[in-house]
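J.: Would you mind keeping the following structure in view while I ask a few things?
Any read-out appearing in this document is the output of simple, stated calculations on the displayed coordinates, not a laboratory observation. Note that the coordinates shown come from a computational prediction; the quantities given were computed from them, not determined experimentally. Cβ placement follows ideal geometry from the backbone for every residue including glycine, while neighbour counts extend to all protein chains displayed.
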């Protein structure tokens, strides 16, 4: 048992013991050295803003549960190779100085999964203690982290926001649903997502013909049918109504409450996701069944990002036989690295900014609509690079050796 | 292509009443294709999510992995009746019948276990811990070695069939799907779906001696996903199903080079020869059909519609 938690006060409710079943299939050759692979999961908790509906609580182990599953996966492989994986979890309450707390923890781990907002990620990555370590961003989709604010010691397994909006626009374009309207929420995350929707629409030749800013402060649970249609009435004719509501505040009330009979997409309705529980093909059901057996809930994008980060570490350790962060980083960024992410194509890291190259699921609540990259969107190197910042667009220079 | 069929069939002269049995993963049925007419002549219900399928040596029994029913069903192929079920461990996906015609080696996909079942006593003989998501199964021609490939652990696990213990674990490329010994038992071939390769091992010493790569003009490399594999009767060619690239590759087993790519249906999974070995049948998961390949000319000659998501295939003379 080598999962250990260091908890901040008041967090004991999610500090359930993690049981890792070891499949010790093969006694290792006598005298074989065991390779210890120590991974730190560092989480900066955030205050979530109030939202109109409290139907969907955010799981307290969001993200972490994915790392726990990957730990079990890695340990099974490790049992055949003499590789001993351990995961230490540190969760910091809202308002903590993440970087200050991270200093001591970094002394004990070379491999770190960071579940934190972008400013905290950068503060940790820039610590002298983080130099030469290998960090994984499993939570922040901000484009700047893959461009001007990139760091050589920071890889990203959560998709960038622009990759998600590119995926959505590819799917809409493939359907020839080219004329769009957009409703934007008031929060900075909504504005940023709306900006990505506009840029992705332009990238793939779709047109956003009209926009409205969400300003209502009424309780939609009582009045959605009454209030939404007139609010949307003055938008120009469109094929699809886009919603930018990244905190899941008002968006859930928009589908089927539109003025025109139109599908809804973006933050609600047809949604681009790093992981969707409705994925069935490519062995996805197997991954989800393992996850649900472990965590008792469906796997979300943040869980998948943490799973992918720790699995990437496992795959690199398996293939190189080392836990040295510099050698693992070199392997992960090389052409030799391929991770099976249950999304139909092998996953790899973009060598220009450290972003995990991955298909994006464009899905509704009940089924996958399409997996992007969509057939027909061509790229000279890799079709998945039609999603998100391609090498010529990224201002990242930290990966140029 | 239907019009070329009579001529080819006349050349190949399949045995009368020869059949290909195909599991339909999302219809919970098996389709029986008459090799002479290339028509589906029977469809029988099975347990949930049938995948692996194989006949007893005398073809009097059909074994079916009913994955979501957590059992292996034993069917009378003359009537379609399920005679009984075998304990299989949870979520049996793929299996192989040992040369003794008695022991089934079953990959339990959700349990990281290989289960050995005695089909006569109907009891579990052994369960062997292997890597995550075991799938590909093979037994050496002499019956001494069983192989399980694990999709997430990316290994071929070598099992001593006398002791039921692992004696070697060899890494292969990402998501190994299928393992097959050559007829003389000297080599083991393992397909890797996400890695996009086939690894060739020398059985003696379990060392990798070659790796087969694939490239299809106009098809993205990461859609070339090797799954099912069969050797030609003379052992000179390996046919490799390449998943969503919708092609079957023909590999020269002497040089490990690809000599041909045959366009088939969508997401090709597994392969089976007609009993006279003149035709090769491919299960095409997404298009819900079976492509018929003329083995001599390496050309697709017909398509047979079966149920939804055809997966495994087995021949009966």
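J.: Kindly list the residues of segment B:281-310 that lie in the label zone of residue B:263, defined by a backbone N under 20 Å from the point 7 Å along the Cα-to-C-beta vector.
T.: B:281-305
J.: What order do you get for A:126, A:249, A:303 when you list them from fewest to most C-beta neighbours inside 10 Å?
T.: A:126, A:249, A:303
J.: Report the dimensions of segment B:204-293 along its three principal axes from the alpha-carbon atoms, largest first, rounded to Å.
T.: 40, 35, 22
J.: Now for a different question. Which whole number gives the average, over all residues in A:339-346, of C-beta atoms from other chains lying within 10 Å of the residue C-beta?
T.: Mean partner-chain Cβ count within 10 Å for A:339-346: 6.
J.: Further question on the same structure: Quick check: the angle from helix A:64-81's long axis to the longest principal axis of chain A, C-alpha only, nearest 10 degrees?
T.: Taking the Cα atoms of chain A, the angle to A:64-81 is about 40 degrees.
J.: Still on this model: On full extension of the chain, what length is gained from residue B:17 through residue B:118, given 0.36 nm per residue of separation minus the C-alpha to C-alpha distance?
T.: The span from residue B:17 to residue B:118 would gain 33.3 nm if fully extended.
J.: By its C-alpha gyration tensor, with a ≥ b ≥ c as the square roots of the eigenvalues, how is chain A shaped: rounded for a/c under 1.5, else prolate for a/b larger than b/c, else oblate?
T.: prolate
J.: For an R0 of 35 angstrom, estimate the FRET efficiency from the Cβ-Cβ distance between residue A:297 and residue B:58 and round to the nearest 0.05.
T.: Step by step, r from the Cβ atoms, then E = 0.10.
J.: Let me ask something else. Among rounded, prolate and oblate, which fits segment B:88-228 when a ≥ b ≥ c are the square roots of the eigenvalues of its C-alpha gyration tensor, a/c under 1.5 means rounded, and a/b larger than b/c means prolate?
T.: Verdict is prolate for segment B:88-228.
J.: OK, next. Evaluate the distance, in nm, between pseudo-label points positioned 7 Å from the Cα of residue B:78 and of residue A:260 along their respective Cα→Cβ axes.
T.: About 6.7 nm, to one decimal.
J.: Hey, rough spin-label estimate for residue B:204 and residue A:51, points 7 angstrom out along Cα→Cβ, what's it come to in nanometres?
T.: Calculated label separation equals 6.4 nm.
J.: Taking the Cβ-Cβ separation of residue A:35 and residue A:144 as r and a Förster radius of 56 Å, what is the calculated FRET efficiency to the nearest 0.05?
T.: Efficiency, from the Cβ-Cβ distance: 0.95.
J.: What relative contact order, as a whole-number percentage, does segment A:204-274 give when Cα pairs under 8 Å and 6 or more residues apart are counted?
T.: Here the relative contact order equals 30 percent.
J.: Efficiency by 1/(1 + (r/R0)^6): what FRET value for residue B:127 and residue A:281, r their Cβ-Cβ distance, R0 = 22 Å, to the nearest 0.05?
T.: 0.15
J.: Calculate the length of the line joining the C-alpha centroid of segment A:335-366 to that of segment B:59-85, in whole Å.
T.: 39
J.: A follow-up question, please. Fewest Cβ neighbours within 10 Å first, please rank A:196, A:156 accordingly.
T.: The most exposed by this proxy come first: A:196, A:156.
J.: In percent, what relative contact order does segment A:85-157 have, based on Cα pairs under 8 Å that are 6 or more apart in sequence?
T.: 29
J.: Separate question: When Cβ neighbours within 10 Å are restricted to other protein chains, what is their mean count per residue of peptide B:123-133?
T.: Counting Cβ atoms of other protein chains within 10 Å of each residue's Cβ and averaging gives 4.
J.: Calculate how steeply helix A:284-295 sits against the longest principal axis of the alpha-carbon atoms of chain A, using the helix alpha-carbon long axis, and give the answer as 0 to 90 degrees to the nearest 10.
T.: 70
J.: Would you mind computing Rg(Cα) / (2.2 N^0.38 Å) for the protein assembly as shown, counting N as its residues?
T.: After normalising by residue count via 2.2 N^0.38 Å, the value is 1.00.
J.: Can you compute the modelled spin-label distance between residue A:104 and residue A:215, with each label point 7 Å from Cα toward Cβ, in nm?
T.: Distance between label points: 5.1 nm.
J.: Rounded, prolate or oblate, given the Cα gyration tensor of chain B, with a/c below 1.5 counting as rounded?
T.: In terms of gyration-tensor shape, oblate.
J.: Quote the relative contact order of chain B in percent (integer), defining contacts as alpha-carbon pairs under 8 Å separated by 6+ residues.
T.: That works out to 14 percent.
J.: Summarise the partner chain shielding of B:145-157 as one whole number: the mean count of Cβ atoms from other chains within 10 Å of each residue's Cβ.
T.: Average per residue, whole number: 4.
J.: Gap in Å between the Cα centre of segment B:258-298 and the Cα centre of segment A:207-273?
T.: Segment A:207-273 and segment B:258-298 have Cα centres spaced 49 Å from each other.
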